[in-house]
Amino acid sequence: MSNLKERILKDGVVYPNNVLKVDSFLNHQIDPQVIHEIAEAFYQHFKDKGITKVFTIEASGIAPAIMTAMRFEVPMLFAKKSLPSTLKKDDQYETKVHSYTKNVTSNVIISKHYLQADDVVLIVDDFLANGEAAKGLMDLVHQAGAKVAGVGICIEKSFQPGRQTLEDLGAEVYSICRIKSLANQEVTFIED
Ligand code: G4P
């Protein structure tokens, strides 16, 4: 069993609305050993794809993405949810991402300078639920004329439609752990 699965069983807390709280080791306080193991698994899975950039969205995607980029020895780029004062309108790619969990739609942006048509991009995020975040990131990659090599996810909530949405768009999705159910406040995984 992966370190991540063990930590989810030990320290994860299931909230009534099918939300898994992993604040103590993944997306608030972060255990570098867990993130390191995740990055290694992404590397082993995608190492033959010619990845030139790892791409995520702020905030919680940044930790796994930076460790993954380090392993691939490529830059990490993260999409921003608000426009930095230093970035001009024509210098950016922009898309909309709706969060069902938070019920907000954000304009998500990156500078055109950091994604080029010859980039081969690995998208990384902490959770895959409805797939809206990764779908937005795919859109930004396509606006740049670059290629999506795949999507690496730490925790996939397989009872939500995110994987199907991304696969329908042609992306290969690789998840470290896939949660079958959070019913009755209990975590059950889809076994490998
Ligand atoms: P999506 O991430 O697949 O697009 O689905 P959804 O719209 O449901 O998720 C919106 C936000 O909620 C995302 O964070 C996602 O990572 C987070 N999320 C979804 N399910 C869970 C869960 O069970 N537990 C936790 N802890 N988070 C979940 P975000 O809006 O990008 O925020 P940030 O925290 O990365 O800044």
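Laboratory data are not the source of any read-out in this text; all were calculated from the coordinates shown. The shown structure was predicted, so the numbers you read here are calculated from the model rather than taken from an experiment. Cβ placement follows ideal geometry from the backbone for every residue including glycine, while neighbour counts extend to all protein chains displayed.
Restricting attention to strands (runs of 3 or more DSSP E) lying wholly within segment 101-165, give those where 2 or more residues are away from the ligand (no atom under 16 Å from the Cβ).
120-128, 147-157
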Practice task
Return a yes/no flag: does segment 62-71 have any residue that is of a type in the set (D, E, K, R) and surrounded by 15 or more Cβ atoms within 10 Å (Cβ to Cβ).
Solution key: yes
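Any residue in segment 80-88 that is closer than 16 Å to VAL173 by Cβ and either more than 16 Å from the ligand (Cβ to nearest atom) or touching an Asp or Glu at 6+ places or on another chain (Cβ under 6 Å) (or both)?
no
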Fill in the blank from the handout: Checking GLU73, GLU37 in turn, the sole residue that is charged (D, E, K, R) and at positive phi turns out to be GLU73
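Quick one: how many residues across segment 4-13 are out of contact with any Cys (no Cβ under 8 Å at 6 or more places or on another chain), assigned to a helix (DSSP H, G or I) and surrounded by 17 or more Cβ atoms within 10 Å (Cβ to Cβ)?
Result for segment 4-13: 1.
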Fill in the blank from the handout: Residue hits (segment 14-36; surrounded by fewer than 15 Cβ atoms within 10 Å (Cβ to Cβ) and away from the ligand (no atom under 12 Å from the Cβ)) are GLN29, PRO32, GLN33
Handout entry: segment 41-60: number of residues that are farther than 16 Å from GLU172 by Cα and over 15 Å from the mean Cα position of the chain (by Cα)
Key = 1
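Here are some residues: HIS28, HIS98. Which one is assigned to a loop (DSSP other than H, G, I, E, B) and without any contact (Cβ under 8 Å) to a residue 60 or more places away in the chain?
On inspection, the qualifying residue turns out to be HIS28.
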